[in-house]
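Have a look at the structure below, then the notes.
The values are calculated or read from the model by the stated rules, or taken from the named source; none is laboratory data. Not measured: the values here are computed from a predicted model. A quick note on method: Cβ atoms are made from the backbone with ideal geometry, for glycine too, and the neighbour counts reach across all protein chains shown. Remember, those area values only see protein heavy atoms, side chains included, never the ligands or the DNA or RNA. Shrake-Rupley method; radii C 1.70, N 1.55, O 1.52, S 1.80 Å.
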Amino acid sequence: MTGVELLIWVRGPGLQLSLAAFILGMTYRILQTYFLGRAKNLAEPRGSPWIHGMKTMWWRSFFHPGMTIRGYFTIISGYTFHLGFIITLLFFDQHIELFKSWTGLSWPALPPLVITVTAVLGIAALVAVLVDRFADPVRYLLSDYQDYLCWVLTVLPLVTGLLLVYKIWLPYTSLLVVHIISFEILLVAIPFTKLSHVFTIFIARWYNGAIAGYKGVQS
Amino acid sequence: MTVSVERGIQTLKEHIDAPVASFFTTCVHCGMCADACLFYTETKDPKYTPIYKLKPLRRLWHQEYTFWGKLAAKLGLSKPVTAAELKAWEELVYDSCTMCGRCSMTCPVGNDIVYMIRKMREGMVAAGFAPSGLKAATERAITIGSPMGVKFPALKNQIKHIEADTGLQIPVDVEGAEYMALLSSMEIMNFPEYIGAIAKIFHNADISWTIASDAFEATNSGIQIGSSDLAAELVERVVAAAERLRVAFVISPECGHAYTALRWEGPNLIGRPYPFEVIHILELLDRLRAQNRLPVTGKIKEKLTFHDPCQIVRRGGVVDEPRRLLDMVAADFAEMEDHGIMNWCCGGGGGVSANERAAKLKLTAFNRKRHQLEALGVNTLVTACANCRITLEEGLEFNNMDVAVLGLAETLAEHLEEQSTSATTETP
Ligand code: SF4
Ligand code: SF4
């Protein structure tokens with residue numbers, strides 16, 4: 001297979017396969033969790049689990065009173081790399097082009113310089129998070145291989161994308177193949193690693209809010 | 001592996017439900033829960049990070065419900081949860097957790113960590129790993145009827161004193177009374193003033209109430225140790241007495257975990273809803289206040305604050321009632337910086353105070369409350385849980401702090417404006 005053929009494969013069937021694995025895997029993961037079920041609560045409720053569940057889903061997205069430096073760092077660096085990643089993914093003109101060629105849908109792109117900034121910020125926040133994972137004894141103790149693996153999987157598409165745009169390192173076609181594959185690996189990994197938190201976070205928050213809300217407490 | 005350890009691991013597996021799976025799946029190992037836990041903040045020891053206390057349960061979940069975990073288990077590559085590991089976790093699950101639930105309020109991804117600690121304890125006790133102090137308390141609760149070994153004659157004796165002091169009759173085993181009051185052994189032995197206080201208030205409000213001679217104990221060591229079977233047996237005793245006396249309400253006393261046990265866990269433990277309503281004493285007093293059946297006179301002038309018992313407030317949902325009640329009798333009621341549903345635990349809840357091995361750690365954890373009190377600069381602290389009260393008193397004494405600890409019900413009773421013509425007898 002030549003470089004160009006490989007490129008055609010990874011941006012065509014390769015991407016479709018990884019998307020399918022992502023969607024099916026994530027659906028399985030969510031259904032598997034849901035069907036574990038939970039016991040019916042026989043105590044008289046004092047509040048609405050649904051309403052409190054929805055509120056917790058929303059309110060946990062922000063700072064909370066009494067937060068420490070660790071908390072501020074987590075939330076700020078977390079938002080920075082998640083947003084950096086998402087904006088770069090969704091608003092880079094070539095990504096939009098690819099999406100358009102598939103679905104016919106498109107939207108305005110952000111200028112390349114802005115995209116460079118979002119990608120660099122995303123990478124910087126990820127580096128800060130990694131350094132902190134080693135430096136903070138609490139985080140270091142909690143971390144396992146998946147924390148590091150997921151870090152690598154997340155940073156790779158950003159780094160290879162930047163190299164590609166600024167034509168550094170490998171020949172363009174090879175680098176493009178590497179870039180797309182790095183994204184495909186990330187997609188496939190989401191349902192099978194702790195990266196699935198990007199979806200299950202809403203389930204976890206809802207349960208937390210619902211459990212406390214049943215007793216009339218907004219958690 | 002011994003039979004009990006196998007049983008423990010099986011129990012842990014059975015306790016993995018949808019919330020647990022979603023919590024473990026979602027944890028990003030950020031460590032923010034550490035800052036919510038007084039055992040971490042006062043020691044700075046990373047092992048006291050709340051989610052870390054669940055590591056064996058997390059491993060079981062990983063092996064049973066994740067792709068890589070299952071694959072590794074099939075290939076014989078995963079590290080099984082061992083007796084030694086559970087033994088090592090005993091201190092983390094019992095000594096360094098009061099089940100206060102503060103961690104569950106702060107996790108950015110929404111993990112309800114204390115929900116899982118409660119489940120983790122089920123497996124620990126089934127495996128035979130629970131602190132001896134808590135085991136002994138549970139055994140006394142089952143065999144004698146009280147974790148402190150208090151039998152009815154001891155209560156009767158206290159009742160006699162209270163009757164002599166107050167001139168009021170304390171009703172025992174009155175069939176058809178509207179309310180059945182429960183007590184904690186700690187109240188009976190250390191703070192019998194509570195019984196006198198509710199007697200005065202109920203008499204004034206013309207409430208028909210009773211104590212059951214065969215089920216006066218409200219606390220539930222079964223829940224603290226994590227044994228649903230034993231916890232259910234203790235709840236059944238209360239239910240049987242309430243049914244025998246045909247009461248409409250069962251009053252949970254000034255005790256935090258008793259309220260969780262009776263109000264929130266009880267019906268689930270016995271597998272059926274109650275034929276009566278469980279009401280916390282503070283809820284009842286607040287209802288009386290709203291109906292003008294709790295007239296008080298005079299106010300405490302000096303600045304005071306309220307220590308929220310975790311199981312009544314954050315984990316129980318009785319948040320505003322103590323504040324409304326305290327406002328009636330306090331001229332200068334000031335809140336600590338973190339209060340209400342974000343309060344800091346006294347350090348003795350969740351069975352920690354019954355676990356002698358944890359005594360030193362408990363006093364270290366108390367430093368959190370000490371800092372809060374020092375920052376506010378108060379000499380009077382009101383609370384509504386006998387266990388918090390004894391823990392607070394111990395901590396204050398250890399630190400040579402001149403702070404008086406008062407029970408809320410007693411404080412109200414002291415300010416009661418006695419009515420010659422009793423209020424209405426309608427159901428509150
Ligand atoms: S705060 Fe939540 S997400 Fe962070 S380590 Fe603790 S449990 Fe996990
Ligand atoms: S429930 Fe309270 S004591 Fe237990 S881990 Fe959470 S914050 Fe710490």
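Tabulated data for the structure shown
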item	result
Scan of the stretch A:182-212 for residues that are polar (S, T, N, Q) and closer than 11 Å to A:F22 by Cα, ordered by number	A:S196
Long-range neighbours under 8 Å by Cβ, at least six apart or interchain, first residue more than 19 Å from B:R58 (Cβ to Cβ) within the stretch B:1-13, second surrounded by fewer than 16 Cβ atoms within 10 Å (Cβ to Cβ)	B:M1/B:T82
Where A:L90 falls short, out of the listed (1) within 14 Å of another protein chain (Cβ to nearest Cβ); (2) touching a helix residue (DSSP H, G or I) at 6+ places or on another chain (Cβ under 9 Å); (3) modelled with pLDDT of 95 or more	(1)
Residue identified as part of a helix (DSSP H, G or I) and surrounded by 16 or more Cβ atoms within 10 Å (Cβ to Cβ) among B:H161, B:H203	B:H203
Residue count for the stretch A:195-218, restricted to those that are open to solvent by 10 Å² or more (accessible area, probe 1.4 Å) and under 16 Å from B:M116 (Cα atoms)	6
From B:A136, B:A141, residue being in a helix (DSSP H, G or I) and open to solvent by 20 Å² or more (accessible area, probe 1.4 Å)	B:A136
Test: residue in the stretch A:164-180 that is touching a helix residue (DSSP H, G or I) at 6+ places or on another chain (Cβ under 6 Å) and within 9 Å of another protein chain (Cβ to nearest Cβ)	no
Filtered residue count, the stretch B:76-87, keeping only those that are hydrophobic (A, V, I, L, M, F, W, C), open to solvent by 60 Å² or more (accessible area, probe 1.4 Å) and modelled with pLDDT of 95 or more	1
Residue selected from the stretch B:39-70 under the condition more than 30 Å from A:L31 (Cβ to Cβ) and more than 15 Å from ligand 1 (Cβ to nearest atom), by the criterion most open to solvent (accessible area, probe 1.4 Å)	B:K44
Residue list for the stretch B:261-316, restricted to those being among the β-branched types (V, I, T) and either closer than 21 Å to B:A386 by Cβ or open to solvent by less than 30 Å² (accessible area, probe 1.4 Å) (or both)	B:I270, B:V278, B:I279, B:I281, B:I300, B:T305, B:I312, B:V313
Residue, nearest to ligand 2 (Cβ to nearest atom), within the stretch B:48-106, restricted to residues that are within 11 Å of chain A (Cβ to nearest Cβ) and part of a loop (DSSP other than H, G, I, E, B)	B:G101
Residue within the stretch B:174-190 that is within 16 Å of ligand 1 (Cβ to nearest atom), of a type in the set (A, V, I, L, M, F, W, C), closer than 28 Å to B:R287 by Cβ and not in a helix (DSSP H, G or I) present	no
Looking only at the stretch A:65-80, and only at residues there that are β-branched (V, I, T) and open to solvent by less than 90 Å² (accessible area, probe 1.4 Å), the one that is farthest from B:D35 (Cα to Cα)	A:T80
The stretch A:202-219 residues that are within 13 Å of B:D112 (Cα to Cα) and at the interface with chain B (Cβ under 7 Å from one of its Cβ atoms), paired with ones that are crowded, with 24+ Cβ neighbours inside 10 Å and among the aromatic types (F, W, Y) (beta carbon under 7 Å, 6 or more apart)	A:A204/B:F23
The lone exception for B:R368 - which of (1) within 16 Å of ligand 2 (Cβ to nearest atom); (2) under 15 Å from the mean Cα position of the chain (by Cα); (3) of a type outside the set (A, V, I, L, M) it fails	(2)
Those residues of the stretch B:164-187 which are crowded, with 24+ Cβ neighbours inside 10 Å and without any contact (Cβ under 8 Å) to a residue 60 or more places away in the chain, in sequence order	B:S185
Output for the stretch B:3-57, where each listed residue is among the polar types (S, T, N, Q) and over 24 Å from the mean Cα position of the chain (by Cα)	B:S4, B:Q10, B:S22, B:T25, B:T26
Leading residue by the ranking (farthest from the other protein chains (Cβ to nearest Cβ)) among those in the stretch B:110-133 that are over 21 Å from the mean Cα position of the chain (by Cα) and open to solvent by 10 Å² or more (accessible area, probe 1.4 Å)	B:G128
Top-ranked residue in the stretch B:280-320 [being over 14 Å from the mean Cα position of the chain (by Cα) and within 11 Å of another protein chain (Cβ to nearest Cβ); ranked as nearest to B:A205 (Cα to Cα)]	B:E283
Long-range neighbours under 7 Å by Cβ, at least six apart or interchain, first residue within 7 Å of another protein chain (Cβ to nearest Cβ) and closer than 27 Å to B:E14 by Cβ within the stretch A:37-58, second of a type in the set (A, V, I, L, M) and assigned to a helix (DSSP H, G or I)	A:G37/B:A18; A:R38/B:A18
Verdict on A:L158 being within 23 Å of B:H29 (Cα to Cα) and in contact (Cβ under 8 Å) with a residue 60 or more places away in the chain	yes
Qualifying positions in the stretch A:15-35 - crowded, with 16+ Cβ neighbours inside 10 Å and at the interface with chain B (Cβ under 7 Å from one of its Cβ atoms)	A:T33
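The rows are residues; the columns are (1) part of a helix (DSSP H, G or I); (2) within 15 Å of A:F183 (Cβ to Cβ); (3) open to solvent by less than 80 Å² (accessible area, probe 1.4 Å).
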site	(1), (2), (3)
A:L83	yes, no, no
A:K100	yes, no, no
A:L105	no, no, no
A:A109	no, no, yes
A:V114	yes, no, yes
A:V117	yes, no, yes
A:V120	yes, no, yes
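For every residue, the table says whether it meets (1) part of a helix (DSSP H, G or I); (2) at the interface with another protein chain (Cβ under 9 Å from one of its Cβ atoms); (3) among the acidic types (D, E); (4) within 30 Å of A:F81 (Cβ to Cβ).
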{"residue": "B:K13", "(1), (2), (3), (4)": "yes, no, no, no"}
{"residue": "B:I16", "(1), (2), (3), (4)": "no, yes, no, no"}
{"residue": "B:T25", "(1), (2), (3), (4)": "yes, yes, no, yes"}
{"residue": "B:H29", "(1), (2), (3), (4)": "no, yes, no, yes"}
{"residue": "B:Y40", "(1), (2), (3), (4)": "yes, yes, no, yes"}
{"residue": "B:T43", "(1), (2), (3), (4)": "no, no, no, no"}
